[in-house]
Amino acid sequence: MSLVIGTLNRELSWLAFNARVLHEAADTRTPLLERVKFLSIFSTNLDEFYMVRVAGVRRQVAAGLGRTGPDGVSPAQLLDRIDETVREMLAEQSRILEEEVLPELAEHGVRLLRIGDLDANERLAVDAFFDAQVFPVLTPLAVDPGHPFPYISNLSLSLAVELREPESGSEHFARLKVPKSLPRWVPVRALQYLPLEELIGAHLGRLFPGMEIIGHHVFRITRFSDLEIAPTEEPEDLLAMIEEQVFQRRFGEVVRLEVQRAMPAPLRALLLGELRETEDPEMAPLTEREVHEPGRLLDLGDLMALAALDLPELRDPPFVPVTPAELRDGRSIFDVLRERDVLVHHPFDSFPATIERFLDEAARDEHVLAIKMTLYRTSGDTAVVRALTEAAQAGKQVAVLVELQARFDESNNITWARTLESFGVHVAYGLPGMKTHAKLALVVRREPDGIRRYVHIGTGNYNSKTARTYTDFGLLTCHEAVGADVSELFNLLTGFSRQRDYRALLVAPVTLRAKLLALIAREADHARAGRPARIVAKMNALVDGQVIGALSAASGAGVQMDLLVRGICCLRPGVFGESEHIRVVSVVGRFLEHSRLWRFENGGDREYYLGSADWMPRNLDRRVEAMVPILDRALHARVDAVLDVLLADDRQAWDLHADGTWVQRRPTGEAERASHNVLLRDSWGMSRVPTIARAAPEGGVV
């Protein structure tokens, strides 16, 4: 079999996605502070990429795994290609920030200052601020025979300080951490800020009195930070195990060293050498390949604070999420759901007016007997947690599956688990080695005709903050088969059930893979028989080799496919004889496209699904996921409308070509068809955003 299908490398495909994010920062059609936001997102994305993906590849190299994968790239070759790509992207990020964004911000009065830009009075003010607020927090750490090279925490900014003894002339090195507890951007004038590291660097004499300051430069390290829990491990206390893993993650090996531009070569070599000595000898040693120079400023994730400045003229137009028409008449949400299913699409539909309302009513309704939920990620000020605790205090049976292994949210989820337990909520922690990623809420209610189950199944987390910036679908229903399935799925999660058959739900890891492959094969059968056959699927990532093979076979049978893949895509579309009927589109814009939707033509009798699963091995085999059929045909037109808008996008959409490049579409008419603006404007008949008509730049290629 040809290696063409599936040969797009996962890591390189992810980098191409982050390049699309960076392109939004470069695009002059993007409002200025939104460009700052995309620079920040690009930076934090890259941090996570190194903490998890690059760290994993380096471990493969250290273990001597030289074999190539189905993409034909060995781990060592992949590290070289990652490094080459990242260096190009960092150079572009620096250019955008320093040559475009910062000068344009300055035209609007927003500036990042240097210490030399301050006048005498301003210098006195920042001196006083340093003495009162910064100096007491700082801890200079010498490096000499009596003071070993200090532990440096992941993603923290540090100053490498070079010192000289005035009398002896001997030179010394010290490390100074830039505290995360203080604001990165110190206000000096209205909308004008001094980077904290610049302020500290200007006052090193206060920290090293009597010493000559030769110079100082900022650096930052990235450590391996993924949790390592084997699927075969069965700890007596999963909570304690996760807490220990989170603690140990602080000491993961260093996988990247970032240094400020123009750091002297001897100082750079000193840092690299010291970091090598502190490393596990079984891990791949740091080399110059792992040293990056992002520019004058490091840790551009902190730019998000500037992106949040209250300057409406430099931001996307504001919008107000709407309440779905079905829920506007003031009736009980349970009365509505007995008549019809309700489909919600965030952020266009209000999260408080739909999901939070569903849980609030359940908590206060005297006829509700039980509430069960999965929590993968939730926000700190969440009304969801408040509703659950109120329900438990009111005597209702409340059970919550808190996923302790949600990457980089482990500590937050441990806190919420203990909070919920303190209010009498029954908390389960999922299965070791098997993340519970399904988004489920079940309400059990006693009614005159018996017990009825009400269910929410979604594509996104129960998180009020991300519900304003992520696009996600959710289905509210009291369909009997769906409710029964969700009940049995919760029994599996909290008890000793080994349920393997479900009436309506597609559940990973037990039925989802087989059913998905069967649905794809059925479309191929329809195509061979001359019946209508098409697949439109939306997801965050497409990686699974078996699914890619099935899609290729369906394409060969004549099935037309439109795959909306936001991020990683390992399928190579448009290859004659293999994937010529497959089109892959990625939409990157104002909101993070997060929903998972499937539509199968099924010979003219269309079937629709939504849920939590991407087409990746981890989602199909190593996570608990749930996809639900949208059984109410009245809702199908709304799903079609959203898919049509995304596929017709000529502003935020990118097409994946057979050679692995992504090419941004260009408007063909007077007005752009930008998905998110169209959806905001329409919001099912409610005008929100004016049609945008601007000159379009050349389409980008990544």
Residue identified as assigned by TED's automatic domain parsing to the domain that holds GLU48, assigned to a loop (DSSP other than H, G, I, E, B) and more than 26 Å from the chain's Cα centre (by Cα) among ARG331, ARG296: ARG296
Looking at MET561, is it in contact (Cβ under 8 Å) with a residue 40 or more places away in the chain, part of a strand (DSSP E or B) and at negative phi? no
Quick test for you: out of ASP71, ASP80, pick the one residue that is modelled with pLDDT under 85 and closer than 13 Å to LEU12 by Cβ. ASP71
Can you name every one of the strands (runs of 3 or more DSSP E) wholly within the range 412-507 that holds 1 or more residues which are more than 29 Å from the chain's Cα centre (by Cα)? 439-447, 450-458
Checking the structure you have, find out if any residue of the range 62-79 is among the aliphatic types (A, V, I, L, M), in contact with a Phe, Trp or Tyr (Cβ under 9 Å, 6 or more places away or on another chain) and buried (at least 21 other Cβ atoms within 10 Å of the Cβ). no
Taking the range 461-504 and the residues there that are of a type in the set (Ser, Thr, Tyr) and farther than 19 Å from TRP598 by Cβ, the one that is surrounded by the most Cβ atoms within 10 Å (Cβ to Cβ) would be TYR462
Which members of the range 129-158 meet the condition of being out of contact with any helix residue (DSSP H, G or I) (no Cβ under 8 Å at 6 or more places or on another chain), surrounded by fewer than 17 Cβ atoms within 10 Å (Cβ to Cβ) and among the hydrophobic types (A, V, I, L, M, F, W, C)? ALA132, VAL137, ALA142
When the residues of the range 377-404 are narrowed to those that are in contact with a strand residue (DSSP E or B) (Cβ under 7 Å, 6 or more places away or on another chain) and not aliphatic (A, V, I, L, M), which ends up nearest to ALA428 (Cα to Cα)? GLU403
State whether the residues of the range 65-72 include one that is among the β-branched types (Val, Ile, Thr), in contact with a helix residue (DSSP H, G or I) (Cβ under 6 Å, 6 or more places away or on another chain) and either in a helix (DSSP H, G or I) or without any contact (Cβ under 8 Å) to a residue 60 or more places away in the chain (or both). no
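Residue-by-condition table, conditions (1) modelled with pLDDT of 90 or more; (2) surrounded by 20 or more Cβ atoms within 10 Å (Cβ to Cβ); (3) in a loop (DSSP other than H, G, I, E, B):
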| residue | (1), (2), (3) |
| --- | --- |
| ALA160 | yes, yes, no |
| LYS180 | yes, no, yes |
| PRO183 | yes, no, yes |
| PRO187 | yes, no, no |
Quick check on this structure: which one of GLU243, GLU253, GLU198, GLU233 is assigned by TED's automatic domain parsing to the domain that holds PHE173, modelled with pLDDT of 95 or more and not aliphatic (A, V, I, L, M)? GLU198
Among what's in the range 97-115 and is farther than 18 Å from VAL186 by Cα and surrounded by 13 or more Cβ atoms within 10 Å (Cβ to Cβ), pick the residue that is nearest to the chain's Cα centre (by Cα). LEU97
Have a look at ALA132, ALA174 and point out the one that is part of a helix (DSSP H, G or I) and small (Gly, Ala, Ser). ALA132
Look at the range 160-192 and say how many of its residues are in contact with a helix residue (DSSP H, G or I) (Cβ under 8 Å, 6 or more places away or on another chain) and either touching a residue at least 60 places away in the same chain (Cβ under 8 Å) or within 17 Å of VAL126 (Cβ to Cβ) (or both). 12
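The values are calculated or read from the model by the stated rules, or taken from the named source; none is laboratory data. Because the structure is predicted, anything quoted here is derived from the model rather than measured. No Cβ is skipped: glycine too gets one built from the backbone with ideal geometry, and neighbour counts run over all protein chains shown.
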